[in-house]
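S.K.: Starting off with a structure, shown below.
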Amino acid sequence: MRVTPCQAALAGAISLNLLLLFCAWRGPGPSPPSCRPPRGIPGVTVLLRDFEDFDNDLAGTARSFASLPVPVLVAAEAAPYPPVPLPAGARLLLLHPAADQPPPLAHPELHVRTRHVALVPDGARAVPGLLERMRDALERGPRDTQLVAAPVGSEPLQCLELRLEPRVWTARYGTGTPGGCRAVEGTAVLLLRTRDLFALPFPLARPVPAAIFIQAALRGWGLRVLPVAFPASRRPPVSPHSRWKAENLAESRRRRLMRDLGIKREVLADGGERWYGCGKETARCFGTVHAQTPQYLLAGRWTPPCCLRALRETARHVAGALEAAGVRYWLEGGSLLGAARLGDIIPWDYDVDLGIYQEDVGKCRWLAAAAAGEPVEDAEGFLWEKAAEGDFYRVHYSRSNRLHVDLWPFYPRGGVMTKDTWLGHPQDVEFPESFLQPRVPMAFAGFTAMAPNNARAFLELKFGPGAIENPE
């Protein structure tokens with residue numbers, strides 16, 4: 001059928017009216033994506049995210065940048081309290097979904113229409129042309145540059161190397177150079193492409209700099225630092241209570257961020273460490289182990305470093321207690337294998353195994369109490385108990401954290417060491433007592449433990465030929 005020009009015009013008018021009716025039907029608030037102008041228009045949106053409700057310079061920072069003029073968004077889970085009078089040109093974006101609001105309010109990427117976004121810290125002041133200079137440095141820089149930083153205030157930024165080791169849950173920092181910068185230390189404005197920011201799984205997590213640097217390093221993004229600084233506002237001294245409150249909130253946010261990013265340990269440029277995993281007062285980082293395969297192995301990771309640290313501490317404590325009581329013990333199974341290979345726990349192991357002479361159990365008061373069916377906590381908070389699975393003992397890191405050392409009681413019978421509980425593991429077999437006559441010292445997990453006198457032969461008896469050289 002032939003369409004006349006009048007019919008075509010009428011169809012177009014009807015389509016436009018239907019689109020307008022759809023937009024009106026969606027109600028007030030941000031327009032749905034289909035009713036908006038194309039995204040990615042030139043310009044920079046300023047995003048204010050890192051600030052405290054109880055002590056901030058949010059109004060002054062927003063006023064300064066809105067005067068350039070550029071779009072200014074203040075992103076927060078809830079409206080700041082006390083209320084902050086935002087200037088014209090600045091909008092509050094609530095990140096926490098609300099049941100009575102349309103979904104786009106929970107999606108900040110729908111509100112940033114410019115090609116670039118600047119993450120500005122509280123207290124910074126605008127400089128005409130500096131955001132554009134940062135944008136030009138990003139677009140005209142090396143191909144791998146996807147992040148530009150400029151200092152805030154008189155203190156220059158310190159360039160840092162940042163290496164992520166996801167398999168061992170670790171972030172390592174080092175002193176960097178302008179050509180090899182992956183993070184900065186100091187207060188900074190960060191600028192990147194909008195599409196890059198909102199392609200990150202945690203685009204607006206706090207603290208913002210740490211969240212951006214770690215996610216950028218995981219993707220191999222280059223970072224360029226400009227020497228020109230944004231001024232910082234002059235603010236009255238912070239009260240001791242406000243400082244304490246801010247420090248506690250910052251620590252809490254950083255711990256939450258590291259949990260979300262899968263980081264249990266940060267190794268700092270000065271050699272110090274920050275830990276974010278389990279401790280004496282918390283549960284361990286992984287749940288029940290099925291088929292001798294913990295969940296983290298299925299995710300391509302090794303034992304969290306906090307768990308390894310707790311296992312080392314528990315093993316050292318137990319060995320010391322047994323030696324002090326005169327209980328003969330030795331490294332068993334995978335723990336002896338780790339000692340022979342590395343002088344340490346195997347990086348993906350989740351417990352420590354020690355053999356003991358059954359007749360020596362009564363020499364150690366903690367073991368004797370456990371053998372009588374009474375779990376007992378020693379003076380340093382380690383929990384000794386009889387295992388529910390059979391005739392052996394466990395020493396837990398604490399009542400809360402069940403990382404443990406297993407103590408397997410063997411006894412000699414006709415020159416062969418045997419025991420009463422067998423769990424069906426391939427390496428769980430009898431062996432000649434001659435391996436223990438004598439026992440010998442061996443480096444393990446940061447201390448000297450006792451071990452069979454021929455570790456290679458002992459391990460090959462239990463695991464097969466080449467056990468030390470062929471990890472599984």
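The values are calculated or read from the model by the stated rules, or taken from the named source; none is laboratory data. If you're wondering where the values come from, they're calculated on a predicted model, not measured in any experiment. Cβ: placed from backbone, ideal geometry, glycine included. Neighbour counts: every protein chain shown. What goes into the accessible areas is simple: the full protein's heavy atoms, side chains included, and nothing from ligands, DNA or RNA. Shrake-Rupley method; radii C 1.70, N 1.55, O 1.52, S 1.80 Å.
S.K.: In whole percent, and with a 1.4 Å probe on the protein chains, what portion of the accessible area of region 213-292 is carbon and sulfur? The partial results should precede the final answer.
M.R.: Values: 2500 of 4800 Å².
C and S fraction of accessible area: 52 percent.
S.K.: Among the GluC sites (Glu not before Pro) within region 363-471, which fall in a DSSP loop and have no more than 14 other Cβ atoms within 10 Å of their own Cβ? Each step should come with its number before you reach the end.
M.R.: Values: sites: E377, E380, E385, E389, E430, E433, E460, E469; in loops: E380, E389, E430, E469.
Qualifying residues, ordered by number: E380, E389, E430, E469.
S.K.: At 0.36 nm per residue, minus the direct Cα-Cα distance, what do I468 and L95 gain on full extension? Give it in nm, one decimal, please. Can you show the working numbers first?
M.R.: Details: separation 373, 0.36 × 373 = 134.28 nm, distance 5.30 nm.
Gain on extension, I468 to L95, equals 129.0 nm.
S.K.: Is region 41-225 best put as rounded, prolate or oblate by its Cα gyration tensor, with a ≥ b ≥ c the root eigenvalues, rounded for a/c under 1.5, and otherwise prolate when a/b is larger than b/c, oblate when not? Write out the running numbers ahead of the final one.
M.R.: Details: a/c = 1.62, a/b = 1.38, b/c = 1.18.
Because a/c hits 1.5 or more and a/b exceeds b/c, region 41-225 counts as prolate.
S.K.: Output the relative contact order of region 330-423, whole-number percent, from Cα pairs under 8 angstrom with separation of 6+ residues. Don't skip to the answer; put the middle values down first.
M.R.: Numbers: 155 pairs, mean separation 21.1, N = 94.
Across region 330-423, relative contact order equals 22 percent.
S.K.: If a paramagnetic tag sat 7 Å from the Cα of A368 along the Cα-Cβ line, which residues of region 376-399 would have the backbone N under 17 Å from that point?
M.R.: In region 376-399, the label zone of A368 (backbone N under 17 Å from the point 7 Å along Cα→Cβ) covers 376-379, 384-386.
S.K.: Further question on the same structure: Near R135, within a Cβ-to-Cβ distance under 12 Å, what is the net charge of the other residues, with Lys and Arg +1 and Asp and Glu -1?
M.R.: Here the count lands on +2.
S.K.: Cβ under 12 Å from A372's Cβ, A372 left aside: what net charge do those residues give with Lys, Arg +1 and Asp, Glu -1? Before the final figure, lay out each step's value.
M.R.: On the way: positive: R365, K386; negative: E374, E385.
Cβ neighbours under 12 Å give a net charge of 0.
S.K.: Measure nothing fancy, just the Cα-based angle from helix 240-261's long axis to the longest principal axis of the chain, in degrees from 0 to 90, nearest 10.
M.R.: 70
S.K.: Take each of the peptides 275-288, 232-245, average the number of other beta-carbon atoms within 10 Å over its residues, and list them starting from the highest. Could you put the intermediate results ahead of the total?
M.R.: Working: 275-288: 15.9, 232-245: 11.4.
Listed from highest to lowest mean packing, they are 275-288, 232-245.
S.K.: Then there is this: Skip the ligands, DNA and RNA, and give the accessible area per residue of region 305-463 with a 1.4 Å probe, whole Å². Before the final figure, lay out each step's value.
M.R.: On the way: 6280 Å² over 159 residues.
I get 40 Å² per residue for this part.
S.K.: Right, something else. Of all accessible surface on region 305-463 at a 1.4 Å probe, what whole percent is carbon and sulfur? Mind showing how you got there, number by number?
M.R.: Values: 3110 of 6280 Å².
The C+S portion of the solvent-accessible surface of region 305-463 is 50 percent.
S.K.: On a straight-distance basis, which aspartates and glutamates could pair with K419 in a cross-link, Cα separation under 12 angstrom, same-chain partners fewer than 8 positions away excluded?
M.R.: E359, D391, D428, E430
S.K.: Let me ask another. With each label point set 7 Å from Cα along the Cα-Cβ vector, what nm distance links E281 and L268?
M.R.: 2.1
S.K.: Of G414, A370, W221, whose Cα points farthest to the positive end of the dipole of the chain (charges on the beta-carbon: +1 Lys, Arg; -1 Asp, Glu; origin at the Cα centre)?
M.R.: Comparing the listed Cα positions along the dipole, W221 ranks first.
S.K.: Could you name the lysines whose alpha carbon sits less than 21 Å from that of K264, not counting residues in the same chain fewer than 8 places away?
M.R.: K280
S.K.: Could you pull the accessible area for D344 with a 1.4 Å probe, rounded to 10 Å²?
M.R.: Surface accessible to solvent at D344 totals approximately 40 Å².
S.K.: With r as the distance between the Cβ atoms of L297 and E109 and R0 = 41 Å, compute the FRET efficiency 1/(1 + (r/R0)^6) and round to 0.05. Show your work: numbers first, answer last.
M.R.: Details: r = 35 Å, r/R0 = 0.85.
My answer for the efficiency is 0.75.
S.K.: When we measure straight from the Cα of K363, which lysines land under 18 angstrom away, once same-chain ones fewer than 8 places off are left out?
M.R.: Hits, sequence-local ones excluded: K386.
S.K.: Antiparallel versus total DSSP beta bridges in the chain: what percent is that, nearest 5? Intermediate results must be reported in sequence, preceding the final value.
M.R.: Values: 45 of 73 bridges.
Of the beta bridges lying entirely in the chain, close to 60 percent run antiparallel.
S.K.: I want to make sure I understand the PRE zone here: with the label point 7 angstrom from the Cα of S67 toward its beta carbon, which residues in region 109-139 have backbone N atoms less than 15 Å away?
M.R.: Answer for region 109-139: 123-130.
S.K.: Which percent, to the nearest 5, of DSSP beta bridges fully inside region 41-225 are antiparallel? Please list the in-between numbers first.
M.R.: On the way: 17 of 35 bridges.
Approximately 50 percent, going by the DSSP bridge assignments.
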